[in-house]
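Here's the structure, in structure tokens; my notes come after.
The values are calculated or read from the model by the stated rules, or taken from the named source; none is laboratory data. Keep in mind that what you see is a predicted model, and the values were worked out from it rather than measured. No Cβ is skipped: glycine too gets one built from the backbone with ideal geometry, and neighbour counts run over all protein chains shown. Please note that ligands, DNA and RNA were not included when accessible areas were found on the heavy atoms of the full protein model with its side chains. Shrake-Rupley method; radii C 1.70, N 1.55, O 1.52, S 1.80 Å.
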Amino acid sequence: MKRIILLSFLIPFMSLFSQEEFTLSGYVKDKSSGESLIGATISIKETKFGAVTNAYGFYSLTIPKGKYTAIASYIGYEKLEKTINLNKDTKINLELGTSDLLSDEVLVTAQKANNNVTSIEMSTIELSAQTLTRMPALLGETDVVKSIQLLPGIGSVGEGSTGFNVRGGGIDQNLVLLDEAPVYNSSHLFGFFSVFNPDAVKDVKLVKGGIPSAYGGRLSSILDVRLKEGNSRKFNIDGGVGAIFSRLAIEGPIIEDKLSFLVAARRSYVDVLAKPFLDEGLKDSKFYFYDLTAKTNWKVDENNTVFASGYFGRDVFGAGFGFDWGSETFTTRWNHLFSDKLFSNLTYYYSNYDYKLQFGEDDIDVFKWQANIVTQSVKYDLNYFFSPKNNIDFGIEAIHYNFTPGNAEGISDGISVPISLDNQFAGQLAAYVGQELEATDDLSFKYGLRGSYYTYMGPGTAYYYGDTTIGISKPLIREEKFADYANIADYFNLEPRFSVKYQLNKESSLKASYNRMAQYVHLVSNTAASSPLDVWTPTTNNIKPELADQVALGYFKNFDDNMWETSVEVYYKDMKNQIEYISGADLLLNENLEADFLNGDGRAYGAEFYIKKNSGDLTGWISYTLARTERQVEGINRGDWFPARFNRTHNLSIVAFYDLSKTWSLSANFILSSGTPATFPTNRYEWQEYYIPHNSNESRNNYVIPMTHRLDLSLTYDPEDESGDWWTGKWVFSIYNVYNRKNPYSVYFRNNEDNPRVTEAVRFAVFGSIVPAISYNFNFDVDKLIND
């Protein structure tokens, strides 16, 4: 094995002395918009050499001197062949036009047709914008987060829940990025819709295993959402009018092919539609959300490009009280080419998630509460394209956290009583290096190492607790105040990453991966699903960083000239320092919250099966996951392993798209999954007319609620012949929950009203009926309108 690794390093260097080589580099872009294409493939017809564009559409190939035919390809676009006489380092930007043939089909991947087999990546999912817009959704509105839950290894605790769960991880164990800025709450309207405007989204990528060393900070997955850069060739207006909200996006060039912009906005109007039907006492109720997404892209010169993007969104909910929450993100990036082989990206981002709660509407008697988490970071990433078989990436990152766990004030008869908690501060430094190496034609490696240093720092007060009986709050021993930037507690973790691929033949391959992840921020919640009121807390002197080690093995095979994709992956994940709470823990506005924490272990294992049809009139996929997720915490469930609240043993999803004609298309989703665990009493105490439930063996999650299943349908009418030269429009008719299934979100108990001695189990369903919807989506080509 040592000889193979040594030979892998020597091969690229040996080639330097064998023949003269030059570098072919540039960007691959959409011909009509100038938008860079992520993951486009560039191959050299006369050789086996090839490259894939990075997150900014850049490619680099170093090959021997000669005359070649370069082929650029991307799903949904026509192939481009270009003859190149490579006798010096050459920059060529390749522009691909959309394929009329392929645009009439539903393409359920954003990569080349056999990428799942030939790429070293595994446990990675990419969805094209076209696929997202064709999938049936609640009230006809495209949703990124709900769409990825139809893929293997991904689920949630129920309909209408916030966030998603990946391979046994909690929702806080997913790093959700919007143009590299972290999003701490990715949902609108308590989880019914995501914060990502589909008109502004360019690329969606979820990595749940074999995570590259460039990523860190969460245990389970990376959801990387990239925004469009803005059309640099012409002005476009996209939008839609739906049953619950409308959206509008405007993009175009400020200076053609040099400076472009994108602005996209959404606003729900349930409050406006419902107002005439509300009682007088509820006339001033507020329940709506809105968001604004913007981006600009400036190509300074051939070697420098600057991006700036931002998101601002908010949910407002109130009926006799005020409750609102939202996120703000800002990202600026500078791409710089040091040479044809060395690509760099410097990023600064700002992210703020906050929520506010208020009871009372005057200054005499009122309660106000505000909490937030602000994250700022500077990171520098570099990619060195040594050769077609050897790519290296490395970088550094610095992060600063500012936590406001609770800034509250109660006013009674004009007298103010502050009950706020001190802010908490933390910093993190990380450095990484990774290499992708093709050792032979059949054997490839990708490995790396990430080192992360974390410090919990002042100003602030550190609390120190003594030992106690399990299940009882720890006693406070002492408090200690720290000055600005003083180190209270620090941690260092090495996070190795490793992937290997063996190409069995052109149609099949075997892959394996291992990654260790460290997480330094935690979501404090003891509910089944997260709510906007949940508090984020840092790793402290009492809270250790969460750690996870995951191994995965997969077999990938394509059939019928890549029309069919199949894969089977098995995984095992071991998790340390998982946070649980003693019974009756008070999680809100509690300065001694850490005294109620319990540390435990977690494990998750399973098998994921995936069949996908990529092209033709009928396309789609079938996804099935068989999995188990468990926790073990001293003081809970008698110290034995118990199923996690989001454990689902079986999870089946079927997604289908069918083109009925050139103007009509049909799509359908069907899901079936096991119920989630819940803790039920095993007996009860009776005293006079009072009945107290009791769990005699202190078991946790000892019951599984009934299974969930649902069918959604969508019919799209795209009257191309009736559209004008400068505009297109299409109607989407959708039915959510077609056969009126009342899926149980939870089960609770109550005494029968007529006979209090009888205890009833009640199933609570978020959706108890069919939900039909109609929406209209449109596109205006402003340049054509002006020219006409």
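Consider residue 159 carefully, then state whether it is open to solvent by 10 Å² or more (accessible area, probe 1.4 Å) and either farther than 27 Å from residue 535 by Cβ or in a helix (DSSP H, G or I) (or both). It is false that residue 159 is open to solvent by 10 Å² or more (accessible area, probe 1.4 Å) and either farther than 27 Å from residue 535 by Cβ or in a helix (DSSP H, G or I) (or both). Residue by residue through region 291-334, note down the ones that are among the aromatic types (Phe, Trp, Tyr), under 15 Å from residue 186 (Cα atoms) and open to solvent by 30 Å² or more (accessible area, probe 1.4 Å). Across region 291-334, the qualifying residue is only 312.
Working only within region 304-336, note down all residues that are under 20 Å from residue 379 (Cβ atoms) and either small (Gly, Ala, Ser) or without any contact (Cβ under 8 Å) to a residue 40 or more places away in the chain (or both).
304, 306, 308, 309, 310, 327, 328, 332, 334, 336 - these are the residues of region 304-336 that are under 20 Å from residue 379 (Cβ atoms) and either small (Gly, Ala, Ser) or without any contact (Cβ under 8 Å) to a residue 40 or more places away in the chain (or both).
Are any of the residues in region 663-676 among the aromatic types (Phe, Trp, Tyr) and touching an Asp or Glu at 6+ places or on another chain (Cβ under 9 Å)? So far as region 663-676 goes, yes, one or more of its residues are among the aromatic types (Phe, Trp, Tyr) and touching an Asp or Glu at 6+ places or on another chain (Cβ under 9 Å). Return yes when residue 393 is over 22 Å from the mean Cα position of the chain (by Cα) and outside any strand (DSSP E or B) and no when it is not. Spelling it out, it is not the case that residue 393 is over 22 Å from the mean Cα position of the chain (by Cα) and outside any strand (DSSP E or B). Considering (1) among the aliphatic types (A, V, I, L, M); (2) surrounded by fewer than 23 Cβ atoms within 10 Å (Cβ to Cβ); (3) in contact with a Lys or Arg (Cβ under 7 Å, 6 or more places away or on another chain); (4) assigned to a loop (DSSP other than H, G, I, E, B), the lone condition that residue 214 does not fulfil carries the number (3).
Looking at region 685-698, can you tell me whether even one residue there is hydrophobic (A, V, I, L, M, F, W, C), out of contact with any His (no Cβ under 9 Å at 6 or more places or on another chain) and within 30 Å of residue 583 (Cβ to Cβ)? Yes.
When region 217-240 is filtered for residues that are open to solvent by 10 Å² or more (accessible area, probe 1.4 Å), closer than 26 Å to residue 134 by Cβ and not in a strand (DSSP E or B), the ones remaining, listed by number, are 228, 229, 233, 234, 235. Filtering 510, 476, 523, 533 for residues that are of a type in the set (A, V, I, L, M, F, W, C), open to solvent by 50 Å² or more (accessible area, probe 1.4 Å) and at pLDDT below 95 leaves a single hit, 476. Residue 422 fulfils the conditions (1) under 25 Å from residue 354 (Cβ atoms); (2) assigned to a loop (DSSP other than H, G, I, E, B); (3) open to solvent by less than 60 Å² (accessible area, probe 1.4 Å) except for a single criterion, (3).
Would you say residue 755 is in a strand (DSSP E or B), over 24 Å from residue 671 (Cβ atoms), polar (S, T, N, Q) and at pLDDT below 90? No, not satisfied.
The combined condition, being more than 21 Å from residue 761 (Cβ to Cβ) and in a loop (DSSP other than H, G, I, E, B), is fulfilled by residue 661.
Yes/no matrix, rows are residues, columns are (1) in a loop (DSSP other than H, G, I, E, B); (2) touching a Lys or Arg at 6+ places or on another chain (Cβ under 9 Å); (3) more than 29 Å from residue 388 (Cβ to Cβ):
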{"position": "427", "(1), (2), (3)": "no, no, yes"}
{"position": "433", "(1), (2), (3)": "no, yes, no"}
{"position": "444", "(1), (2), (3)": "no, yes, no"}
{"position": "473", "(1), (2), (3)": "yes, no, yes"}
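Residue-wise test of (1) open to solvent by less than 10 Å² (accessible area, probe 1.4 Å); (2) among the hydrophobic types (A, V, I, L, M, F, W, C).
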residue: 63; (1), (2): yes, yes
residue: 66; (1), (2): no, no
residue: 71; (1), (2): no, yes
residue: 76; (1), (2): no, no
residue: 82; (1), (2): no, no
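Quick check: is even one residue across region 563-581 in contact (Cβ under 8 Å) with a residue 12 or more places away in the chain and assigned to a loop (DSSP other than H, G, I, E, B)? Within region 563-581 (the criterion being in contact (Cβ under 8 Å) with a residue 12 or more places away in the chain and assigned to a loop (DSSP other than H, G, I, E, B)), the answer is yes, since at least one residue qualifies.
Here residue 549 passes the criteria (1) within 17 Å of residue 525 (Cα to Cα); (2) touching a residue at least 24 places away in the same chain (Cβ under 8 Å) except the one numbered (1).
Among the residues making up region 443-465, those that are open to solvent by 50 Å² or more (accessible area, probe 1.4 Å) and either of a type in the set (S, T, N, Q) or under 30 Å from residue 48 (Cα atoms) (or both) are 446, 447, 449.
For region 748-773, the tally of residues that are under 35 Å from the mean Cα position of the chain (by Cα) and exposed (fewer than 11 other Cβ atoms within 10 Å of the Cβ) stands at 1. Being part of a strand (DSSP E or B), in contact (Cβ under 8 Å) with a residue 60 or more places away in the chain and either over 13 Å from the mean Cα position of the chain (by Cα) or buried (at least 23 other Cβ atoms within 10 Å of the Cβ) (or both) is the filter here, so list the residues in region 166-198 that pass it. Hits for region 166-198 are 178, 181, 188, 193. Here is the figure for region 37-61: residues that are out of contact with any helix residue (DSSP H, G or I) (no Cβ under 9 Å at 6 or more places or on another chain), in a strand (DSSP E or B) and either aliphatic (A, V, I, L, M) or modelled with pLDDT of 90 or more (or both) total 7.
Residue 146 meets the conditions (1) in contact (Cβ under 8 Å) with a residue 60 or more places away in the chain; (2) under 29 Å from residue 580 (Cα atoms); (3) touching a Ser or Thr at 6+ places or on another chain (Cβ under 8 Å); (4) not hydroxyl-bearing (Ser, Thr, Tyr) in every case but one. The failed one is (1). From the list 633, 655, exactly one residue is closer than 28 Å to residue 570 by Cα, touching a Ser or Thr at 6+ places or on another chain (Cβ under 9 Å) and β-branched (Val, Ile, Thr). Which is it? Result of the check over 633, 655: 655.
If you take the residues in region 36-53 that are of a type in the set (S, T, N, Q) and open to solvent by 30 Å² or more (accessible area, probe 1.4 Å), which one is farthest from residue 441 (Cα to Cα)? Out of the qualifying residues, it is 43. For residue 394, are the conditions met, namely being open to solvent by less than 20 Å² (accessible area, probe 1.4 Å) and closer than 30 Å to residue 58 by Cβ? Considered against the rule, which asks whether it is open to solvent by less than 20 Å² (accessible area, probe 1.4 Å) and closer than 30 Å to residue 58 by Cβ, residue 394 comes out as no. The residues in region 425-442 that are surrounded by fewer than 17 Cβ atoms within 10 Å (Cβ to Cβ) and in contact with a helix residue (DSSP H, G or I) (Cβ under 8 Å, 6 or more places away or on another chain) can be counted, and the count is 0. Scanning region 547-590 for residues that are more than 23 Å from residue 619 (Cβ to Cβ), among the aromatic types (Phe, Trp, Tyr) and modelled with pLDDT of 95 or more yields 571, 572. Filtering 684, 628, 700, 648 for residues that are in contact (Cβ under 8 Å) with a residue 24 or more places away in the chain, assigned to a loop (DSSP other than H, G, I, E, B), in contact with a strand residue (DSSP E or B) (Cβ under 9 Å, 6 or more places away or on another chain) and open to solvent by 50 Å² or more (accessible area, probe 1.4 Å) leaves a single hit, 700.
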